[in-house]
Amino acid sequence: MLRTINILLVIAMLVGAGVVYDLKYEAERATSKVAKITRKIEAERDAIATLKAEWSLLNQPRRLQDLAERYHSYLELDPLDPTQIGTIDDIPFKPAVSAGDDRPTPPKGSIKLAQPEKAGEKNAGIGKLLDRLPGHHGDGPTTTGSVPKAAAASGAPMMLVPKIVVPKPAGDSAKVNR
Amino acid sequence: MSDVAEHAEEHQHPEARAARDLSASRGRIVFAGLGFAAVYVAVGLKLAGLGMASDDHSAALASGSSQVSTARPDLLDRNGEVLATDIKSASLYAEPKRIIDVDEAIEALATVIPEMRHDESVRKKLSSKAGFVWLKREVTKQQRQKIFRLGIPGIGFMEENRRFYPGGALAGHVLGTVNVDNQGISGIEKYIDHESGLADLRAAGLSTAKGLEPRRLSLDLRVQHVVRDELKDAMQRYHAVAAIGIVLDVRTGEVLGMSSLPDFDPNHAEQALEKQNMNRATAGVFEMGSVFKTFNSAWTLDSGRVQLTDSYDASSSLVFGSQKISDFHAKGRSLTVPEIFIYSSNIGSARMALKVGSEAQRVFFDKIAFHKKLETELPEVAAPLYPKRLSEISTATQAFGHGISVTPMHTAVAGAAVVNGGRFLNPTFFPRSRDEAEKVAVRVLKPETSDKMRYLFRLNNTPGSGGSGSKADVPGYLVGGKTGTAEKLEGGRYSGNKRFNSYLAAFPMDDPQYLVLVVLDEPKPEKDVGAATAGLNAAPTVGAIIRRIAPMLGVMPRYDQAKPAVASN
């Protein structure tokens, strides 16, 4: 009887020791894993900070202005003139019968949706947008130019805009309809 | 078992011997037992110690990077663009005591950083007996990896935080600089250290890397750029020695842009120490000249003793003993109050001030902080210089901005109070909402006076009115403003050809939102233009700034607008 108990106790002790050893080992492994991940997060965070700094360095108005001036012949980006700014209200309604335009009529309210927000309603909004818009280089009625550009600017990346505006000979109406 | 043996012995041997043996062996047993117990306790303690100890090495590595360097919060502009940030950079250090062969170490390092081969200072450092020396601050990632692979004993890297200003000199005077330990020593950098208690934490030996929320400023990166760009242009075109530009939100007192040229790049903090690069916008005091007629008209009209329809004799100079006040654009007749304003008549302004009295002038100047330092976040603020004693002559000269020196920021802030409905707001470099501004605003003028002043401002700017500011007009934005052409004091005398020109403008004049102040120090006339008055250089600069910033700030141009309603009387 006593012997059985003793044997059982010895076995229990051995098992206990094994389990504890395993737990300890597991814990150590987890700790080093945590430390490793923490280090990785730290490194990533630093990398993000560096990239952010680089981004703002590349995005400095000074630099952008220099680039716009240097590649003016290609980009044709000019400073915005106050006369080029218009609101949705400046656009005349589309005539009921559109001659020569075989495209299906857009659903109601699409123009309103295309306009990111009513100009002047929010202080920073329109300013920010207009700031990024490419200069309008046509000499036609200026308010017409702002709408499709604003729409394009709200969705597509800004850099794409100048490339779309390449066909120069096209008149103002073509620009509006694009 | 031993008990059994002892019992057996008791039966085999005589009593006395058994008792002796028993006492002897009991002593030994107790001794051995104690010995074993001690060993077990020691083992147990060690086990407990090991169990509680953490993984030292990894933990040290993980926290090491945050312990070495001191971190600062990022500074952002009002739209979240980065103005100042921390970047981690690795610096190369050596522990000369641990270096086995100096020549070999230098040879190996030179494969990565070639200039080290012939650098005597490196050799000297490595051969010294010092425990720790810096070899090169800020090495690139690639260099770092290569040196790491060389595996030179006694050479290591430490990560440091370095303050980086992506805009360079763009907003140097506002942001300020940090020292080599990344502590703010000027500008907003200094302010946030004190305000957030960072300085105290550091003094206590703590430097937290995490949990530093980025701080948003009221500056607008784009506006700041435009101001600086146009000032730079103007400085070149008019060969000015210095230029100052300030853009304020008149409704909240927020500073959207502030530039003082020549300036410095905070990435090279030593440039900030050069005297010519000082911050003239808040830390320099000047006799602002005729822009003061704005404030003169404001307080005299506010007193009710001067009306817009009044006329004052400006046909002859005003004489005070040995001193004489005369007009630059003399008309030789009596002028109405609006005429005095747009022709910038010194005589008329002086007469207006004298009519209401020195005491009232002093009270008003007190209210708009012309007699004390501005309360703002920037540590570099200068106190105005003004005559301590009231006298007729000082009242007369202060009416047109001589005999009193204030900072350009004082002028801008007072100008904002004149056009925003008469509420004085201390300038701030941090965002302030309209409601918050309402709480801290102090009424200094009646709203009606502000209306009249806006009329005068706009009148002075309207092309065709003969006003001195017509060159600042931007169609669509209803700009209004006042010129100032002050002669500079040189050796106690006013110099005829050294000027201090300024233009104080706000737009749109029917509901002023933003104020722009441009000051040019010693501008020279352009080639084919004979004069160098403020209307010819400061005003066009203001116009150019407004043309560019108004769309950014969301001010809609209006073309069909009639002239602002003239105040009754």
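All of the numbers you see were taken from the coordinates with simple rules; none came from a lab. Since the structure is predicted, the reported quantities are computational estimates derived from the model, not experimental observations. A quick note on method: Cβ atoms are made from the backbone with ideal geometry, for glycine too, and the neighbour counts reach across all protein chains shown.
Extending 7 Å from Cα along the Cβ direction at A:V34 and again at B:D313 yields two label points whose distance is 9.1 nm. Among B:H371, B:H173, sorting on how many other beta-carbon atoms sit within 10 Å of each Cβ, with the fewest leading, yields B:H371, B:H173. Phi angles across the stretch B:71-76 convert, under the Karplus curve 6.51 cos²θ - 1.76 cosθ + 1.60 with θ = phi - 60°, into 3J(HN,Hα) values of 9, 10, x, 5, 10, 10 Hz, Gly and Pro given as x.
How large, in Å, is chain B by the Kirkwood hydrodynamic radius built from its alpha-carbon pairs?
28.4 Å
Note on the stretch B:462-541: Cα-only Rg and Dmax are 13.7, 45 Å. Look at B:F364, A:F93, B:F430, B:F400 and count the other Cβ atoms within 10 Å of each Cβ; fewest to most, that gives A:F93, B:F430, B:F364, B:F400. Helix B:346-356 axis versus longest C-alpha principal axis of chain B: approximately 80°, rounded to the nearest ten.
Positive contributions from Lys and Arg (+1) and negative ones from Asp and Glu (-1), summed over other residues with Cβ under 14 Å from the Cβ of B:S468, come out at +3.
Net charge in the neighbourhood of A:P82 (other residues with Cβ under 11 Å of its Cβ; Lys, Arg +1, Asp, Glu -1) is +2. Each of B:K232, B:K46 was scored by other Cβ atoms within 10 Å of its Cβ. Arranged with the fewest first, they read B:K46, B:K232. The Cβ shell under 12 Å around A:E69 holds other residues with a net charge of -1, Lys and Arg each +1, Asp and Glu each -1.
With the simple model of a label 7 Å out from the Cα in the direction of the Cβ, B:R237 to B:Y40 spans 9.6 nm.
Between helix B:538-552 and chain B there is an angle of about 60 degrees, using the helix long axis and the longest principal axis of the Cα atoms. If you take the alpha carbon atoms of the stretch B:82-164 and fit the smallest convex hull around them, that volume is 92 Å³ per residue. In order along the stretch B:142-155, the phi-based Karplus estimate (6.51 cos²θ - 1.76 cosθ + 1.60, θ = phi - 60°) of 3J(HN,Hα) comes to 5, 4, 4, 5, 5, 5, 4, 5, 4, x, 7, x, x, 10 Hz; Gly and Pro are listed as x.
Rounded to the nearest 0.05, the FRET efficiency derived from the C-beta distance between B:L385 and A:N59 at R0 = 51 Å is 0.75.
Does anyone have the angle between helix B:221-238 and the longest principal axis of chain B? Alpha-carbon axes, 0 to 90°, nearest 10? In chain B, helix B:221-238 runs at an angle near 50 degrees to the longest axis.
Proximity of backbone amide H atoms, modeled 1.01 Å from N, is registered between B:Q183 and no other residue at under 5 Å, excluding neighbours fewer than 5 places apart on the same chain.
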